1. Quick query: amide H of residue 611 versus all other amide H atoms, modeled in the peptide plane; which residues come in under 5 Å with a sequence gap of 5 or more or a different chain?
2. May I ask you to list the lysines whose Cα is less than 18 Å away from that of residue 251, ignoring any residue fewer than eight positions away on the same chain?
3. At a Förster radius of 35 Å, what calculated FRET efficiency corresponds to the Cβ-Cβ distance of residue 526 and residue 260, to the nearest 0.05?
4. Could you derive backbone 3J(HN,Hα) for segment 325-333 from the dihedral phi with the Karplus parameters 6.51, -1.76 and 1.60 (θ = phi - 60°), listing whole Hz in sequence and x where the residue is Gly or Pro?
5. Quote to one decimal, in nm, the extra length available between residue 95 and residue 395 on full extension: 0.36 nm per residue of separation minus the C-alpha distance between them.
6. Take the alpha carbon atoms of segment 436-489, find their center, do the same for segment 62-118, and report the distance between the two centers in whole angstrom.
7. Quick one: which residues, 5 or more positions from residue 474 or on another chain, have an amide H under 5 Å from its amide H? H modelled 1.01 Å from N in the peptide plane, none for Pro or chain starts.
8. Once phi is turned into ³J(HN,Hα) by the Karplus curve 6.51 cos²θ - 1.76 cosθ + 1.60 with θ = phi - 60°, what whole-Hz value does each residue of segment 514-527 show in order, with x for glycine and proline?
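The values are calculated or read from the model by the stated rules, or taken from the named source; none is laboratory data. All figures in this text were calculated on a predicted structure; none of them were measured in a lab. Here the Cβ positions follow ideal geometry from the backbone for every residue, glycine too, while neighbour counts run over all protein chains shown. We work out accessible area using only protein heavy atoms, side chains counted, and drop any ligands, DNA or RNA first. Shrake-Rupley method; radii C 1.70, N 1.55, O 1.52, S 1.80 Å.
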Amino acid sequence: MSVLTRPTPIRIRPGDESAERQRVRPGTVRRILPYARPYRWQIALLLTVTVIDACIAVGSPLILKLIIDQGIIPKNFDRVVWLSLGLAGLALVNAGAIFVQTWCSSRVGEGVVFDLRTKVFTHVQQQPVAFFTRTQTGKLISRLNSDIAGARQAVTTILAQAVSTILTLILVLAAMLYLSWQITVAALVMIPVFLIPVRLLARRIQRLSRSMMEQDGEMSALMTERFNVSGAMLAKLYGRPQDEKELFASKAGKVRTLAIRLAVWGRLLPIIVTVLTTFTTALVYGLGGALTIDGAIEFGTLVAMVALLMRLYGPVNELSSMQATATIALVSFDRVFEILDLKPLITERPGAKALPAGAGAENGNGSAAAAPDVAFEAVSFRYPSADEVSLLSLELHTSSKADRSGANAQDVLHELSFHAPAGKLTALVGPSGAGKTTITQLVPRMYDTTSGTVRIGGHDVRDLSLASLRESVGVVTQESHLFHDTLRVNLSYARPGAAEEELIEACKAALIWDTVSALPEGLDTVVGERGYRLSGGEKQRIALARLLLKAPPIVVLDEATAHLDSESEAAIQQALRTALAGRTSLVIAHRLSTIREADQILVVDSGRICECGTHEELLAAGGLYADLYHTQFSQQATDRLPDPSTVTAGASPAGA
């Protein structure tokens with residue numbers, strides 16, 4: 001029986017989840033302040049109108065007292081009219097203050113959310129490839145959406161609410177003491193009864209909130225995997241809808257259970273305050289009524305005291321809920337700061353310089369100028385450990401301590417040295433897992449070497465600016481990724497602002513223009529998620545057109561023609577001749593036609609270069625290459641591929 005048919009029980013006990021035991025790190029509050037600084041004038045206005053609102057909240061009951069004691073009881077009609085108009089005026093001022101409060105709060109809150117999201121998005125883009133291979137996309141998206149939205153409250157709602165609540169509390173207590181110290185003391189006696197559970201409840205809510213965010217990220221990760229095209233196709237092809245339903249139900253059930261517990265615990269404080277307010281109101285009416293009957297206070301004073309009492313416990317209630325809200329907001333900020341604290345492994349050195357223009361600039365006709373050479377000097381490499389590149393909270397919680405620390409990690413490349421001549425094609429061949437892809441990833445600094453040096457045009461790639469390095473190196477992988485957008489947008493990604501004629505010329509050079517021009521929308525055709533509306537060969541040729549539009553002096557092809565039918569491969573091989581002409585090329589090759597055209601072939605085995613030469617030289621040597629040729633390539637030698645000159649560019653319609 002599949003494990004998917006036995007979902008995780010939907011039961012979460014206190015202390016079961018590690019997320020519940022994790023606390024907000026010290027210094028989180030201090031780190032929030034810089035994000036509010038750009039909005040200091042809006043915050044100042046927000047606090048000003050908040051003070052006005054607090055003063056009006058206390059002034060209204062006092063005016064009500066005057067209306068009763070100096071207008072209604074002595075039957076002074078003019079006094080009643082003017083005081084009533086004053087009360088109405090205060091209501092209008094209060095309405096304006098609330099409007100300005102809302103505007104300022106929204107302006108500051110959304111501004112902070114925008115700044116945080118932009119910073120986190122940019123920071124995530126700087127992470128190495130290993131970060132994305134370990135991280136669950138749904139969890140990462142959850143940090144940028146729900147967590148940052150929750151952090152909004154820490155700067156806006158909580159800030160205004162804290163000032164309003166504290167100021168209102170002070171003013172109300174002062175007014176109550178002025179009107180009747182006896183009733184005020186009686187009302188205050190009940191407050192300590194409420195304050196006792198606040199701290200305990202706040203801690204519990206903090207733990208539940210963090211666990212809720214973790215489980216919500218788990219559910220988002222599952223939906224992200226199942227709702228993309230590849231995941232949806234896999235689920236349909238293997239026909240397991242019931243298993244998928246149960247798996248999702250288990251994760252959604254945990255979210256439901258935590259949401260219920262969070263709602264219940266969060267509601268306890270308002271319930272306590274409501275009961276406390278009811279008891280205290282009864283006490284005030286009883287004591288105040290007796291004092292009024294005895295003549296110790298006026299009737300208007302009693303009415304004003306009851307009104308002020310409502311304004312006293314309102315702030316107390318807000319303080320209780322505000323602590324829970326602030327706790328949740330701090331957890332949100334803490335989870336966002338976890339991402340920002342993850343240091344990128346690939347960074348520019350101080351004073352990094354651009355690759356000299358002579359080694360990669362374009363000439364007048366758009367082709368690459370003098371291409372630089374590429375050299376590996378005693379390069380060793382091991383992939384970074386999980387603790388170096390990722391966060392446990394963004395992954396499936398299945399990795400061991402040894403895996404996360406890299407204690408068992410071994411070098412993938414060992415003291416590897418070779419020279420790829422400028423403007424020449426160097427093919428990398430070897431068994432699966434030999435380290436070929438790793439070699440190609442070190443050229444554009446997807447990773448840095450553990451030891452040794454990678455040079456481009458004689459320059460250590462770590463001394464070059466990342467922008468110039470990425471501009472100088474063009475890469476086409478086996479699975480070319482296309483955005484869910486138009487062909488025009490996907491092509492222009494290589495050179496923003498490229499003219500229509502340049503896009504067409506790149507498509508013609510990649511032998512894909514006939515297909516594109518036949519589409520009803522042409523370059524404005526939407527390719528679908530990951531380009532699924534295009535065939536494999538069409539996607540590869542679009543990727544080559546994008547490469548040609550970029551016109552880099554160095555080209556890296558990672559099995560760009562693997563798994564293609566013979567017709568598509570013939571078309572792409574012809575396009576490759578244009579793409580590689582005059583450029584320094586590193587090609588991971590599984591096709592004999594590509595290998596034969598290489599100026600040199602590097603045979604990679606177990607992270608080492610074991611042979612180097614041309615096709616004929618390596619066959620004559622009778623080593624590993626000869627073995628690979630007889631097991632992998634010899635059949636290709638007997639296959640009759642179509643003549644590339646007879647191949648049409650349109651293999652299949654875009655809607656296929």
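1. Amide H to amide H, under 5 Å and 5 or more residues apart or across chains, residue 611 pairs with 603.
2. 139
3. E between residue 526 and residue 260, to the nearest 0.05, is 0.25.
4. Rounded to whole hertz, the list is 5, 5, 5, 5, 5, 5, 4, 4, 4.
5. Once the chain is fully extended between residue 95 and residue 395, it gains 103.2 nm.
6. Spelled out, the Cα-based centre of one part sits 62 Å from the other.
7. For residue 474, the qualifying residues are 554, 555, 556.
8. Values per residue, Gly and Pro as x: 4, 5, 5, 5, 7, 6, x, 9, x, 5, 8, 6, 7, 7 Hz.
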